[in-house]
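The values are calculated or read from the model by the stated rules, or taken from the named source; none is laboratory data. As the structure is a prediction and not an experimental result, all values here were calculated from the model. Cβ placement follows ideal geometry from the backbone for every residue including glycine, while neighbour counts extend to all protein chains displayed. The area values use the complete protein model at the heavy-atom level, side chains included, leaving out ligands, DNA and RNA. Shrake-Rupley method; radii C 1.70, N 1.55, O 1.52, S 1.80 Å.
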Amino acid sequence: MTHCDTLIIGQGLAGSILAYTLERLGQRVVIVDDGLRSSASKVAAGLINPVTGQRFVKAPDSDAQLAAAGAFYGHLAQRFGVTLFHPLPMLRLLRDEREAQRCRKRLEDPAYGGYLGPLTDAAEGIRGAHGVCRQHHTGYLDTGMLLATLGRHFRQQGRLITGRFAYAALRLGEAGVEWEGIRAARVVFCEGYKGMENPFFPHLAFQPSKGEILSLEIEGRLPWAILNDGQWLMPRHDGGYRLGASYHREPLDETLTDSARSALLDALPRLLGYTPEFTLTNQAAGVRPNTRPKTPFAEWHPRHPRLAIFNGFGSRGSLLIPWHARRFAMNPGLPVAASCPATG
Ligand SMILES: Cc1cc2nc3c(=O)[nH]c(=O)nc-3n(C[C@H](O)[C@H](O)[C@H](O)COP(=O)(O)OP(=O)(O)OC[C@H]3O[C@@H](n4cnc5c(N)ncnc54)[C@H](O)[C@@H]3O)c2cc1C
């Protein structure tokens, strides 16, 4: 029998970051992951962008979320000798006058100081039909590197198990839970959009969306910035580019489609102002764990105090998860591990 404080289901960004956060607080964690090749975290571009959408909305907790993400990814970079976060400015190409007006309004708002501006006709040789607004505190997380780094870390300790978690095999007790030879004080579910099928949390309203994304090699010198007009083109540290992303409510699968590929490629000349020479090196699809209330689910089960969910980070896991993981891990409502004997 293996004993631990927290059994985590899923090693996407949510499960990985929560597991590491708990470990830093002194907990013993075990993670079970089924190794789905196209989990959202594996295909995501990892964009970090605190001011989003046509309305240029900055969530009230953005400052704290950026600080938490910076501290967390910076810590991992130092400890494991890898670069995870790549800062990159973003150029927002304004599509119509309404969008330009909304942007100007935000530029007058002190809460957006340091996040937006200036708004100009063109920037770095890129023109927007109604101007270009520079965004700051943006960049991308190398999600593949994060999953590989933390996966290796937990596997080396024998704390990452590859396998499918079968809900029916979970035994719930007063003092803790048991699953396939693992005894834990609690289980935290981080299964991404598969959380929809979790029988313990049927009351939570997931609203997942399928996304497809392309990897390209592009000839010539392009701005070292993310170009964004709703679709985006992002240069990567390895010299390649990501072009993304499609957004569909159904079907919820990982099938690659011709229609998404051509719609994404249509964005290239629009973003750049010309059609570049390029090679398509990859197409990938995944499903984002969006939620109907548009906020994550980081909560304890209403009746089973040993079960919790940490999920629903939608299209913004790279920015949101470190902050939510810390809040969740520090939650005084967390059942204590007193029932959990030493590792066996
Ligand atoms: C095309 C695309 C582009 C995106 N771009 C960005 C972006 O630029 N920036 C950004 O921040 N976010 C982006 N996202 C969203 C981002 O991917 C998510 O916010 C984040 O990855 C969610 O992580 P997660 O760990 O909750 O879910 P997942 O990554 O889906 O991880 C869940 C894990 O649980 C495992 N699992 C599920 N059920 C079980 C089970 N029963 N037993 C064992 N294991 C199980 C799965 O195999 C998987 O490994 C994008 C998503 C897509 C699809």
Task: Ile8, sole failed condition from (1) within 10 Å of the ligand (Cβ to nearest atom); (2) out of contact with any helix residue (DSSP H, G or I) (no Cβ under 9 Å at 6 or more places or on another chain); (3) among the hydrophobic types (A, V, I, L, M, F, W, C) - done: (2)
Task: Count - residues of the range 36-57 that are in a loop (DSSP other than H, G, I, E, B) and open to solvent by 40 Å² or more (accessible area, probe 1.4 Å) - done: 5
Task: Considering residues of the range 216-236 that are more than 19 Å from the chain's Cα centre (by Cα) and open to solvent by 30 Å² or more (accessible area, probe 1.4 Å) only, the residue farthest from Ala129 (Cα to Cα) - done: Glu217
Open item on the list: I'd like the residue in the range 78-95 that is of a type in the set (D, E, K, R) and surrounded by fewer than 17 Cβ atoms within 10 Å (Cβ to Cβ) and, out of all such residues, is nearest to Gly46 (Cα to Cα).
Closed with: Arg79
TODO: Quickly run through the range 176-198 and pick out the residues that are within 13 Å of Arg306 (Cα to Cα), away from the ligand (no atom under 11 Å from the Cβ) and outside any loop (DSSP other than H, G, I, E, B).
DONE: Val177, Glu178, Arg183, Ala184, Ala185, Arg186, Val187, Val188
Task: Yes/no for Ala71 being surrounded by fewer than 14 Cβ atoms within 10 Å (Cβ to Cβ), touching a helix residue (DSSP H, G or I) at 6+ places or on another chain (Cβ under 8 Å), over 19 Å from Pro235 (Cβ atoms) and not assigned by TED's automatic domain parsing to the domain that holds His324 - done: yes
Task: Residue check, Ser246 without any contact (Cβ under 8 Å) to a residue 60 or more places away in the chain, near the ligand (Cβ under 10 Å from one of its atoms) and closer than 29 Å to Arg292 by Cβ - done: yes
Task: Residue count for the range 143-169, restricted to those that are of a type in the set (A, V, I, L, M), outside any helix (DSSP H, G or I) and within 14 Å of Ala19 (Cβ to Cβ) - done: 2
Task: Residue among Glu277, Glu254 that is more than 10 Å from the ligand (Cβ to nearest atom) and charged (D, E, K, R) - done: Glu277
Task: Residue that is closer than 25 Å to Pro223 by Cα and polar (S, T, N, Q), where the choices are Gln78, Gln65, Gln135, Gln101 - done: Gln135
Task: Residue list for the range 74-95, filter: more than 19 Å from Pro235 (Cα to Cα), modelled with pLDDT of 95 or more and not small (Gly, Ala, Ser) - done: His75, Leu76, Gln78, Arg79, Phe80, Leu94
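Condition check ((1) under 22 Å from Leu141 (Cα atoms); (2) open to solvent by less than 10 Å² (accessible area, probe 1.4 Å); (3) out of contact with any strand residue (DSSP E or B) (no Cβ under 9 Å at 6 or more places or on another chain)) across all residues:
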position	(1), (2), (3)
Gly286	yes, yes, no
Pro293	no, no, yes
Pro302	no, no, yes
Asn311	yes, yes, no
Ser315	yes, no, no
Trp323	yes, no, yes
- [ ] Sort out which residues of the range 96-137 are open to solvent by 10 Å² or more (accessible area, probe 1.4 Å), under 28 Å from Val82 (Cα atoms) and either in a helix (DSSP H, G or I) or within 16 Å of the ligand (Cβ to nearest atom) (or both), and write them in order of number.
- [x] His137
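Among the residues of the range 22-33, how many are open to solvent by 10 Å² or more (accessible area, probe 1.4 Å) and touching a helix residue (DSSP H, G or I) at 6+ places or on another chain (Cβ under 9 Å)?
Within the range 22-33, the first condition is being open to solvent by 10 Å² or more (accessible area, probe 1.4 Å), and the residues that meet it are 23-28, 33.
After this cut, where a residue has to be touching a helix residue (DSSP H, G or I) at 6+ places or on another chain (Cβ under 9 Å) as well, the list is 23-25, 27-28, 33.
Of the residues in the range 22-33, 6 are open to solvent by 10 Å² or more (accessible area, probe 1.4 Å) and touching a helix residue (DSSP H, G or I) at 6+ places or on another chain (Cβ under 9 Å).
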- [ ] Within the range 147-161, identify whether any single residue is among the small types (Gly, Ala, Ser) and within 11 Å of the ligand (Cβ to nearest atom), and answer yes or no.
- [x] yes
- [ ] Filter the range 284-308 for residues that are touching an Asp or Glu at 6+ places or on another chain (Cβ under 9 Å), within 10 Å of the ligand (Cβ to nearest atom) and not in a loop (DSSP other than H, G, I, E, B) and give the result.
- [x] Ala284, Ala285, Gly286, Val287
